[in-house]
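Reading through the structure tokens given below for one structure.
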Amino acid sequence: MTIVGYARVSTDHQLLDQQRDALAAAGCERVFTDQMSGAREDRPGLAALLYYVRAGDVVVVVALDRLGRSLSGVIRTIETLTEAGVLLRSLREGIDYSTATGRMLAGIFAALAAYERELMHERAAAARAAARARGKHTGRPAKLTQAQARQIRTLRDGGESISELVAGFGVSRATVYRALREEPLRAQ
């Protein structure tokens, strides 16, 4: 078991000294650091820490907000550590995932993450429904225009093979079959 620390400050003008001292006092054998906003996903120190730790290791932070700027960012990092079998200790909040209380808090964080994901899916579904109600297309753009779909139907009726249509239009077999199934739109 290795005890590893993570320290972060938001700007180059802030110092990591206080966090480094607290992590050293907590027994950290190695400390990974970042000097950038917690809102950024591309923090090299955190990425190096996540690559370095193994199941059974303990990651110590001075406070949970060092793991990220938003609750969702903090929860994502905690989930990543938990899935890897890595324990987390936060000095300020007194959270230790090796204790029963810490495991309970891990469960609460997991429930909050699931709740946030569910809310995000609900908002996205509502936005798609509103767009459809206004007649807007949602989802991936069509690979073929209506004219190309008509052309595929005409060529197929003329004896063109599916393989030739796939190669000629540069689409998948499924796209060709979908175009053949579609009802041609009548001109009004």
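The values are calculated or read from the model by the stated rules, or taken from the named source; none is laboratory data. Since the model is a prediction, treat every value here as computed from it, not as a measurement. Don't worry about glycine lacking a Cβ; one is built from the backbone with ideal geometry, like all the others, and counts go over all protein chains shown. What goes into the accessible areas is simple: the full protein's heavy atoms, side chains included, and nothing from ligands, DNA or RNA. Shrake-Rupley method; radii C 1.70, N 1.55, O 1.52, S 1.80 Å.
Toward the positive end of the charge dipole of the range 29-137, with +1 on the Cβ of Lys and Arg and -1 on the Cβ of Asp and Glu, the farthest Cα among 131, 75, 94 is that of 131.
Working note: 222 nm ellipticity from helices only, DSSP H runs with n ≥ 4, each -39,500 (n - 2.57), summed and divided by the residues of the chain, gives -16000 deg cm²/dmol to the nearest 500. Residues considered: 166, 53, 86. Largest GNM mean-square fluctuation over the chain, using C-alpha springs under 10 Å, is found at 166. A straight line joining the Cα centroids of the range 4-20 and the range 55-94 runs 16 Å. Rounded to the nearest 0.05, the FRET efficiency derived from the C-beta distance between residue 69 and residue 3 at R0 = 25 Å is 0.50. How would the range 1-55 be classified by its alpha-carbon gyration tensor: rounded, prolate or oblate, with rounded meaning a/c under 1.5 and the a/b versus b/c comparison settling the rest? It is oblate, given that a/c is not under 1.5 and a/b is not larger than b/c.
Along the axis of the charge dipole computed for the chain (Cβ charges of +1 for Lys and Arg, -1 for Asp and Glu, origin at the Cα centre), the listed residues 9, 163, 44 are led at the positive end by 163. Considering only 172, 90, 72, the mean-square fluctuation computed in a Gaussian network model of the chain, springs between alpha carbons under 10 angstrom, is largest for 172. For q = 0.08, 0.14 Å⁻¹, what log10 I(q)/I(0) does the chain give under the Debye formula with an equal point scatterer on each alpha carbon and no solvent? Evaluating at q = 0.08, 0.14 Å⁻¹ gives log10 I(q)/I(0) of -0.50, -0.79. Structural descriptor for the range 1-107: relative contact order 26 percent, calculated from alpha carbon pairs under 8 angstrom and at least 6 residues apart. In percent, rounded to a whole number, the relative contact order of the chain is 14, using alpha-carbon pairs under 8 Å and six or more apart. With a 1.4 Å probe and all protein chains left in place, how much of the accessible area of the range 82-138 comes from carbon and sulfur atoms, in whole percent? Ligands and nucleic acids excluded, carbon and sulfur reach 60 percent.
On a per residue basis, the range 76-188 carries 72 Å² of accessible surface, using protein heavy atoms and a 1.4 Å probe.
Other residues with beta-carbon under 9 Å from the beta-carbon of residue 4 carry, at +1 per Lys or Arg and -1 per Asp or Glu, a net charge of -1.
Quick check: net charge around residue 75, other residues with Cβ under 13 Å of its Cβ, Lys/Arg +1 and Asp/Glu -1? Neighbourhood net charge equals -1. Take every pair of alpha-carbon atoms less than 8 Å apart whose residues are at least six positions apart; their mean separation over the length of the range 7-68 yields a relative contact order of 41 percent.
A crude spin-label estimate for the pair residue 181 and residue 55, with each label 7 Å from Cα along the Cβ direction, gives 4.3 nm.
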